[in-house]
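Below is one structure, written out as structure tokens; comments come after it.
Coordinate-derived values only; no laboratory data. These figures come from a predicted structure and were not determined experimentally. Don't worry about glycine lacking a Cβ; one is built from the backbone with ideal geometry, like all the others, and counts go over all protein chains shown.
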Amino acid sequence: MSASFNDRTLALAGIFQSATLVHQLATTGQADEDAMLVSIESLFKINADDVPSVFSGTAGVSLGLRTLADFAGSNKSEANLAMLAYVFSLMHLTHKLLRKPELFEQLSTLIKGVQRQKDYFESTESGSGMNATLLSRFADIYSETISTLQPRIIVKGNPDYLQREDIVSRIRSLLLAGARAAVLWEQLGGGRIQFLFKRKQFAATAEELLKTY
């Protein structure tokens, strides 16, 4: 894959999108369904032809691009700071994951297993959307892999929502999708230090990408 700045911005937006959706679910019990489907579907797109294809095109990661673009200005809301904490945690844990080949291989194998389940459900069911069984499996995979790394991500929000099994499954699935985007980000040469020093450039690029669809 080409490691252009646009590509890195899209991968970064993928992390921001997952973080945004996690925050939405944890605080309101609801999240952008279309954006969530794109993020979770990205887990199956390991061999995509290019970076936009991972997110079903630039429009698929528009929520993440908008959140990233907010950091160009002075928007330092509590919500944005919470999402930024998730982004940095995902980058940090993914960096550790990539240095544990056995754990990374385990993660890849488990996701391939979910792909087979997905193929089965698509052949026996009509309609679109993410199957609750698959979400539950992704949540388990997150617990078995990413969540074993330290420090674990602590999701903050409304306890009423964080005690609901369906919301917890979605949150963990989205954290797994965020880790997938963070793997892509690092494979393209991204890093936490690069984001900190070039965050205004990434934000400006995100604004430009939002105009391309």
Most mobile of 197, 88, 138 per a Gaussian network model of the chain (Cα springs, under 10 Å)? 197
Within-12-Å neighbourhood charge of residue 184 [Cβ basis; K, R +1; D, E -1]: 0
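In the neighborhood of residue 155, defined by Cβ-to-Cβ distances under 14 Å, what is the net charge if each Lys or Arg adds +1 and each Asp or Glu adds -1?
Values: positive: 152, 156, 164, 170, 172; negative: 160.
In short, +4.
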Counted charge near residue 135, where neighbours are those whose Cβ lies closer than 9 Å (Asp, Glu -1; Lys, Arg +1): +2
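Calculate for the chain the 222 nm mean residue ellipticity that helices alone would give, adding -39,500 (n - 2.57) per DSSP H run of length 4 or more and normalising by residue count, nearest 500 deg cm²/dmol. If you can, show how the numbers build up before the last one.
Numbers: 10 runs with 149 residues, N = 213.
Roughly -23000 deg cm²/dmol at 222 nm, from the helical runs in the chain.
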Using a Gaussian network for the chain with springs between C-alpha atoms less than 10 Å apart, which of these wobbles most: 154, 171, 146? 154
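Could you work out the relative contact order of the chain? I mean the mean sequence separation of Cα pairs under 8 Å and 6+ apart, divided by the number of residues, in percent. Please report the intermediate quantities before stating the final value.
Details: 272 pairs, mean separation 86.6, N = 213.
Value for the chain: 41 percent.
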Have a look at 182, 48, 69 and tell me which one the Gaussian network model of the chain (Cα, springs below 10 Å) gives the largest fluctuation. 48
